[in-house]
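What follows is one structure encoded as structure tokens, with my remarks underneath.
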Amino acid sequence: MPTADVVAAVEAGQLTAARTRSGERAGLDVATRTGRAAGLVQRQGLDPASTARADWAGFGTVIPVLAASPGAGASVVTTVLADALQLAGHRSLVVDAADPARSGLASAARSDGPVLDGPHPSVRIRMSCRANALVARVESDLPVITPGMVPPPRFFKPTSGSVQATVVDLGHDPWRVAAHPLAGAGAWVRAGTPMPRPVLVCRASRPSLLHAEQVLARLEAFTAAGTVTSPVQLVVVGATRWPAGVAGCAGRRVSALLEDAVFLPHDPDVAVSGITPEVTPPRLREALVPVLQRWELLPPPATPAGPVERMVRAVKGALS
């Protein structure tokens, strides 16, 4: 298994050993069950060593959202994108691949929907609704969900009908996911047909840009091999522009994304409450609408009428 899953399984065992009277014996049991679950789940997807391309049919346009570092705002960006799509009448799917205990989308739906069978008895998927969007979250009776325990994408596919877009909050530590991105949560960035459009989320600070560069550097080998789709869009959360001296410290990989970077302004309500069942504020959706228009997921902005068009409309109005 990838090292990230081994480490997470051991950590789950250590946590259990510290919490229970049976100590080490209980810890070994939990570590073993967690490791086995991760291994069995991964074997039901594409081989992490395979160069095969993913078949994204039935998911529409896949938009994986990857944070440069924990707390960058990936869950907010995921929800804003999904809300902009569903308010435009598109049927969308939101995939929450995070460990439930650390999910930023835990309160995205007003009520929990049914639990579907997953790839392992200890790994399930709960389908809920956020207005007209489906929200699929990973659940488990184990202490943690390792990156590799996230079910392969096919388990998230809606059982009835198809969706026009799937927005995925990868959730897990991006440093770990990027080290071996073709299994578990990272499977959503695998190159395929149609090609996913990964989004990288950061803050308007030098440390966050440094983290973003490190994540892109880790993905570079997989991108060069053609197995992973590198982020095509940078979203900067909590700002309307770069503070003085910040953008200039971007590394060469992040620099390629700076020109088209989109700024998601600070919203005090979202900053305090996080993602709730309420629709995200209009000013946040408006910031990301141009991205969806470039990707032809939303209609282009209306072109202002010229003087001749205005005259024709006036004549038609008078005649009617």
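Readers should treat all values here as calculations from the given coordinates under stated rules, not as data from a laboratory. Model, not experiment: these values are computed from the prediction. Here Cβ is always computed from backbone atoms with ideal geometry, including for glycine, and neighbour counts include all displayed protein chains.
I'd like the full set of residues that are assigned to a loop (DSSP other than H, G, I, E, B), out of contact with any Pro (no Cβ under 7 Å at 6 or more places or on another chain) and under 23 Å from ARG124 (Cα atoms), limited to the stretch 3-45.
Selection gives ARG43 alone.
For residues that are assigned to a loop (DSSP other than H, G, I, E, B) and touching a helix residue (DSSP H, G or I) at 6+ places or on another chain (Cβ under 8 Å), scanning just the stretch 124-144, find the one that is nearest to GLY104 (Cα to Cα).
Filtering first and then ranking leaves VAL144.
For the stretch 178-204, which residues satisfy the criterion of being over 11 Å from the mean Cα position of the chain (by Cα) and either surrounded by 21 or more Cβ atoms within 10 Å (Cβ to Cβ) or part of a strand (DSSP E or B) (or both)?
Selection gives ALA178, PRO181, LEU182, ALA183, GLY184, ALA187, ARG190, GLY192, THR193, PRO196, CYS202, ARG203.
Within the stretch 255-285, which residues are over 14 Å from GLY238 (Cβ atoms) and free of Cβ contacts under 8 Å to residues at least 24 places away in the same chain?
Listed by number, the residues that qualify are SER255, ALA256, GLU259, SER273, GLU278, PRO282.
Output the residues belonging to the stretch 145-177 that are in a helix (DSSP H, G or I) and within 14 Å of the chain's Cα centre (by Cα).
PRO147, PRO153, PHE156, PRO174, VAL177, listed by residue number.
Which ones in the stretch 225-238 are assigned to a loop (DSSP other than H, G, I, E, B) and either in contact with an Asp or Glu (Cβ under 8 Å, 6 or more places away or on another chain) or free of Cβ contacts under 8 Å to residues at least 40 places away in the same chain (or both)?
SER230, VAL232
Quick one: count up the residues across the stretch 128-184 that are aliphatic (A, V, I, L, M) and farther than 22 Å from ASP83 by Cα.
Residues in the stretch 128-184 being aliphatic (A, V, I, L, M) and farther than 22 Å from ASP83 by Cα: 10 in total.
Scanning the stretch 83-123 for residues that are outside any loop (DSSP other than H, G, I, E, B) and of a type in the set (S, T, N, Q), which turns out nearest to ALA9 (Cα to Cα)?
For the stretch 83-123, the residue satisfying everything is SER92.
Which numbered condition in (1) on the phi > 0 side of the Ramachandran plot; (2) without any contact (Cβ under 8 Å) to a residue 60 or more places away in the chain is the only one that GLY60 fails?
(2)
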